[in-house]
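This report concerns only the one structure given below.
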């Protein structure tokens, strides 16, 4: 891996159920997708950003922030279309590029808080460890051993993972959420896997404040506040 030689992908379709035109909605003065493009280009390992979209307005906005554009068919940008199909389309259209680089990096546009150093760490972890894919994770605020419940057949709730006699978080395994802000894997794994989580899974841990994902209008509101008034640990 040469410094600054890799391509990061951002997949941004025009439709969105939760937040209309989400990927180019203004957040703290910039389109949402701009944060992902800028963090990628500021990393040590990324030299270019490829935005895959079905939407000409998204393409224009992304290009204005320095991204290259790959237009994809609308059939690969529907609500029911698994995103991995768009990933495979990018691999097919840019076969020589990704075959030469030997790595596939996806940075969702809905994660505006990832740091360039998070990208560097995830990519370096992928190249140094024997993993099929590297995710970003963050400590979970809930525990399936203590505070997460499901509704059973009797219409009652029960702890997701039962049988534990523990009362404190310190007494059960620490659990994490997959943040979905960075995915680093190989082209072959994307072509052949049924689910991303079926292989050997690597990870880097990022703090809660960098793991915010935009899925609702409320998320967008919180992200706007956080970007205007950055969180500082005391």
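The values are calculated or read from the model by the stated rules, or taken from the named source; none is laboratory data. Everything numeric in this text was worked out from a predicted model, so none of it was measured. Cβ atoms come from the backbone with ideal geometry, glycine included; neighbour counts cover every protein chain shown.
Being over 26 Å from residue 103 (Cα atoms) and within 17 Å of the chain's Cα centre (by Cα) narrows it down to one of 37, 24, so name that one.
Going through 37, 24 in turn, just one is over 26 Å from residue 103 (Cα atoms) and within 17 Å of the chain's Cα centre (by Cα): 24.
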Inset, instruction - Could you list all residues from the range 59-75 that are crowded, with 16+ Cβ neighbours inside 10 Å, more than 18 Å from the chain's Cα centre (by Cα) and in a helix (DSSP H, G or I)? - result: 59, 61
Inset, instruction - Please give the number of the condition residue 99 fails out of (1) within 28 Å of residue 224 (Cβ to Cβ); (2) surrounded by fewer than 17 Cβ atoms within 10 Å (Cβ to Cβ); (3) modelled with pLDDT under 95. - result: (1)
Inset, instruction - From 205, 197, grab the single residue that is more than 25 Å from residue 15 (Cα to Cα), surrounded by fewer than 16 Cβ atoms within 10 Å (Cβ to Cβ) and at pLDDT 95 or above. - result: 205
Inset, instruction - Within the range 6-23, work out how many residues are farther than 14 Å from residue 106 by Cβ, in contact with a helix residue (DSSP H, G or I) (Cβ under 7 Å, 6 or more places away or on another chain) and surrounded by fewer than 21 Cβ atoms within 10 Å (Cβ to Cβ). - result: 3
Inset, instruction - Report whether or not residue 139 is crowded, with 16+ Cβ neighbours inside 10 Å and in contact with a strand residue (DSSP E or B) (Cβ under 8 Å, 6 or more places away or on another chain). - result: no
Inset, instruction - Could you grab me the full set of residues in the range 180-209 that are in a helix (DSSP H, G or I) and in contact with a strand residue (DSSP E or B) (Cβ under 7 Å, 6 or more places away or on another chain)? - result: 187, 189, 190, 196, 208
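Of the residues 224, 213, 177, only one is part of a loop (DSSP other than H, G, I, E, B) and within 30 Å of residue 25 (Cα to Cα); which?
Every option except 213 fails the conditions.
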Inset, instruction - Mind telling me which of the residues 66, 4 ends up being in contact with a strand residue (DSSP E or B) (Cβ under 8 Å, 6 or more places away or on another chain) and at pLDDT below 95? - result: 4
